[in-house]
Amino acid sequence: MTTIEMMESAYLIEVSKKITMTLQEFCQVTGWDKRKVYQRIKNKILPEQLIKGGYEYRSQRKQPIFLTKEVLDWIKN
């Protein structure tokens, strides 16, 4: 098994473990604090597909939930 194959399998295992991530987990992955994340959501700077339900979900004043696979793909690019 090559290194790339190992990384791909580790990625798939991680995604399958947890389909969504909380705001705290998103902050840990990106290195941003909650205030910065909320500000980027408010100004619609983050891609809408990262947020479960998109920006409409956020307008209900609920804490955002992020889709793990989309977040990891976004960070890789």
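Before moving on, here are some points about what is shown:
- For the stretch 6-21, residues that are of a type outside the set (Lys, Arg) and open to solvent by 80 Å² or more (accessible area, probe 1.4 Å) total 8.
- Residue that is modelled with the highest pLDDT, among those in the stretch 54-77 that are under 20 Å from residue 18 (Cβ atoms) and aromatic (Phe, Trp, Tyr): 66
- Elements of type helices (runs of 4 or more DSSP H) in the chain, at least 3 residues being touching a residue at least 24 places away in the same chain (Cβ under 8 Å): 3-17, 23-30, 68-76
The values are calculated or read from the model by the stated rules, or taken from the named source; none is laboratory data. Not measured: the values here are computed from a predicted model. Here Cβ is always computed from backbone atoms with ideal geometry, including for glycine, and neighbour counts include all displayed protein chains. All accessible areas refer to the heavy atoms of the entire protein, side chains included, with ligands and DNA or RNA removed. Shrake-Rupley method; radii C 1.70, N 1.55, O 1.52, S 1.80 Å.
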